[in-house]
1. Report yes if K322 is open to solvent by 40 Å² or more (accessible area, probe 1.4 Å), touching a residue at least 60 places away in the same chain (Cβ under 8 Å) and in a helix (DSSP H, G or I), otherwise no.
2. Can you name every residue in the stretch 91-124 that is in a loop (DSSP other than H, G, I, E, B) and either modelled with pLDDT of 95 or more or open to solvent by less than 30 Å² (accessible area, probe 1.4 Å) (or both)?
3. Need a quick list: strands (runs of 3 or more DSSP E) entirely within the stretch 205-307 having at least 2 residues that are under 16 Å from E102 (Cα atoms) and at pLDDT 95 or above.
4. Of the residues that make up the stretch 395-403, is at least one within 20 Å of M166 (Cβ to Cβ), of a type outside the set (D, E, K, R) and part of a helix (DSSP H, G or I)?
5. For I136, state whether it is in contact with a strand residue (DSSP E or B) (Cβ under 7 Å, 6 or more places away or on another chain), part of a loop (DSSP other than H, G, I, E, B) and more than 20 Å from V225 (Cα to Cα).
6. Return the residues of the stretch 390-429 that are under 24 Å from the mean Cα position of the chain (by Cα) and over 22 Å from A46 (Cβ atoms); say none if nothing qualifies.
7. Any idea which of D168, D183 is more than 18 Å from S119 (Cβ to Cβ) and either touching a Phe, Trp or Tyr at 6+ places or on another chain (Cβ under 8 Å) or crowded, with 24+ Cβ neighbours inside 10 Å (or both)?
8. Restricting attention to the stretch 135-154, report how many residues are open to solvent by 20 Å² or more (accessible area, probe 1.4 Å) and either touching a residue at least 40 places away in the same chain (Cβ under 8 Å) or among the acidic types (D, E) (or both).
Amino acid sequence: MNFQTDELESEHIAKPLDVQAIRADFPILHQTIHADRPLVYLDNAASTQHPRAVIESIENCYKQSYANVHRGIHWLSEQSTNNYEHARAAIAEFIGTQNDREVIFTSGTTHAINLVARSIGDTSDPSISVSADDEILLTEMEHHSNIVPWQQLAERTGATVRFVPMTDDGQLCMNSLSEMLNDKTKVFAFSAVSNVLGTINPVAKLVAMASQWGITTVVDAAQHVPHEPTDVTAWNADFVIFSGHKMLGPSGIGILHGKMEMLRAIPPFHGGGSMISKVTTEGYVPGEIPAKFEAGTPPIAQAIGLHAAVDYLNGIGLSQIKQHEQTLANLAIDKLQSEIDGIRILGPMGPGQRAGIVSFVVDGVSPQDISLLIDRHGIAIRAGHHCAMPLHEKLGINSSCRASFYLYNTVEEVDRFVEALAQTLQKLR
């Protein structure tokens, strides 16, 4: 577990959520599918649903205050710019940084990781740049978005990509990590929480280990920021990245948090309008941060919607959300293991080691068949490799089922999920 979360939760005991009041805020949850089956949405690790506050904030943006930002001097543009920058400030506070200029708007986690990988590859700073003799360190539990951009960087530079192995119970092998960190390692990129195993990695500890070698650290926090308190200052990573659509916000927006000295050191990835201070026929001068990394018309309405999502999550409380998710995940694991024959739960089982993600396989049954048939009961889960092929290869399987919980899920939905799974397996077998 990461250290700052322990400290935050020790200061106050999280109160149970009023889940029914929360569910009332989410219009999409109040519907039936497939012959009047109540919808049970358990695919939150892929994308979350939206409360009315987020939907209305985007609608109001388009109705009342939409215009391009930072370019016009007319009233509507000034209103839009103020709303856009207020969103940046709110997100900076949400993740624990006092400098909102360190918050860069992107189109998502994938875009942000590609931005960092490309810019690191293009920098002339010898302390950051990657060359043929260098190593890029990842882990076996990474999402493809935190693998492929680094493999592409290695292809361009001749560097070597290495993977920190996992233990049998789905945690990082810390002894192997200690042995693999060396003076050739230039980048260590890893997920704060595995999107398949639910493993909660000790981010601050991992960053500290890498920092002893002067290694650039990149944290994929897409499965962390929406679910428990995040303090990027305490983590001390060079870059922290996450997406809006996994935290009640709209799709098409992500966040790159970078230390100011790192953002100054790397060149911009995209070129175009807004990201420059001067352009001539001979060349260009990049603009100030954050404009330097926000070329073109940015995701204006999406940023405003994400601001509303942050306000909503703050109103509920991240510690309460984490406790609720883990309660549901633990209940689901207990019921699955006691009621489903031949099931294998993936990931760690120790207290506090897992987020609200429960992935599993059932002996002799295709995960895709399970997902397809359980949907007929109104249960939405995920089946496949979850954009983590190397992880599934490590586990000796091609794919898995995944149920992932969020603040609006209930104990009753866990019961319905397990009951529907049992009925589905009875048909398949």
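The values are calculated or read from the model by the stated rules, or taken from the named source; none is laboratory data. Everything quoted here is computed from the prediction, not taken from an experiment. Neighbour counts run over all protein chains shown; Cβ positions are idealised from the backbone, glycine included. SASA here: full protein model, heavy atoms, side chains in, ligands and nucleic acids out. Shrake-Rupley method; radii C 1.70, N 1.55, O 1.52, S 1.80 Å.
1. On the way: open to solvent by 40 Å² or more (accessible area, probe 1.4 Å): no; touching a residue at least 60 places away in the same chain (Cβ under 8 Å): yes; in a helix (DSSP H, G or I): yes.
Judged against the criteria, K322 is not a match.
2. Taking the stretch 91-124 and keeping what is in a loop (DSSP other than H, G, I, E, B), we get 96-99, 107-108, 123-124.
G96, T97, N99, S107, G108, T123, listed by residue number.
3. Working: elements: 216-220, 239-243, 254-258, 276-279, 284-286.
By residue number, 216-220, 239-243, 254-258.
4. Filtering the stretch 395-403 for residues within 20 Å of M166 (Cβ to Cβ) gives 395-402.
Filter again for of a type outside the set (D, E, K, R), leaving 395-401.
Going one step further and asking which of them are part of a helix (DSSP H, G or I), we end up with 395.
Yes: one or more hits.
5. On the way: in contact with a strand residue (DSSP E or B) (Cβ under 7 Å, 6 or more places away or on another chain): yes; part of a loop (DSSP other than H, G, I, E, B): no; more than 20 Å from V225 (Cα to Cα): yes.
No; evaluated as a whole, the condition is false for this residue.
6. none
7. Details: D168 fails: either touching a Phe, Trp or Tyr at 6+ places or on another chain (Cβ under 8 Å) or crowded, with 24+ Cβ neighbours inside 10 Å (or both).
When all the criteria are applied, what remains is D183.
8. Our first condition is that a residue be open to solvent by 20 Å² or more (accessible area, probe 1.4 Å); within the stretch 135-154, this holds for 135, 140, 143-144, 148, 151-152.
Within this subset, residues satisfying the condition of being either touching a residue at least 40 places away in the same chain (Cβ under 8 Å) or among the acidic types (D, E) (or both) are 135, 140, 143-144.
Of the residues in the stretch 135-154, 4 are open to solvent by 20 Å² or more (accessible area, probe 1.4 Å) and either touching a residue at least 40 places away in the same chain (Cβ under 8 Å) or among the acidic types (D, E) (or both).
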